[in-house]
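Shown next, in C-alpha cells, is the structure this report addresses.
The values are calculated or read from the model by the stated rules, or taken from the named source; none is laboratory data. This is a predicted model, so every value here is computed, not measured. Here the Cβ positions follow ideal geometry from the backbone for every residue, glycine too, while neighbour counts run over all protein chains shown.
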Amino acid sequence: MWSEEKRFDLAFQEARFAADFMEFGRSGRTYTRAQIIRADSSPIEAKLKNLIVHELDATTALVTYESEARFGNEVEYALRSSVWVRAVGGWQMRFHQGTPCQPNTLGAAHGAA
C-alpha cells in the first residue's frame with residue numbers, strides 16, 4: 001500500500017480500507033477512511049523492514065513492521081501496526097497506528113539484533 005502504483009489506485013484503496021477504518025498517525029493525529037483515500041497523495045520514498053503477519057484468528061491479522069520514510073531531506077522512522085480483517089472481497093485494513101521512534105531502536109521491536 002506504500003507503493004506508488006497502489007497509493008494512487010483509488011479502486012484498490014477503496015477495496016482495502018474498511019468502512020470503519022481509522023488511524024493513529026505517526027504525527028499523533030487521527031485519520032478517517034475519507035482522509036486517507038485521496039487522489040492527491042504524494043509519492044513516498046520508503047524502506048519497510050521486519051514485516052510480520054500475526055494471525056489472530058481465521059479472519060483477523062495483526063501486521064507489524066518498521067518504516068523509514070524520506071520526505072525531501074527529512075527522514076522519519078516509525079514502528080507500525082495494522083489490524084486486517086477478511087471480508088467478502090478480500091482483506092481490509094480496519095486500524096493502523098504509526099509510532100515515532102529513533103533509528104537505533106529499529107529491529108528491537110521484532111527481536112532483530
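Structure summary
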{"item": "Hits in segment 36-68 (condition: modelled with pLDDT under 90 and within 27 Å of residue 20 (Cβ to Cβ))", "result": "36, 37, 38, 39, 40, 41, 42, 44, 46"}
{"item": "Filter pass, residue 23 being acidic (Asp, Glu), closer than 16 Å to residue 85 by Cβ, surrounded by 13 or more Cβ atoms within 10 Å (Cβ to Cβ) and modelled with pLDDT of 95 or more", "result": "yes"}
{"item": "Residues of segment 80-96 satisfying the condition of being of a type outside the set (Gly, Ala, Ser) and in a strand (DSSP E or B)", "result": "80, 83, 84, 85, 86, 91, 92, 93, 94, 95, 96"}
{"item": "Test: residue in segment 40-62 that is of a type in the set (Gly, Ala, Ser) and under 17 Å from residue 12 (Cα atoms)", "result": "yes"}
{"item": "Residues (within 15 Å of residue 47 (Cβ to Cβ) and either aliphatic (A, V, I, L, M) or out of contact with any His (no Cβ under 9 Å at 6 or more places or on another chain) (or both)) located in segment 73-104", "result": "74, 75, 76, 77, 78, 79, 98, 101, 103"}
{"item": "Single residue of 83, 75 found to be loosely packed, with under 15 Cβ neighbours inside 10 Å and without any contact (Cβ under 8 Å) to a residue 60 or more places away in the chain", "result": "75"}
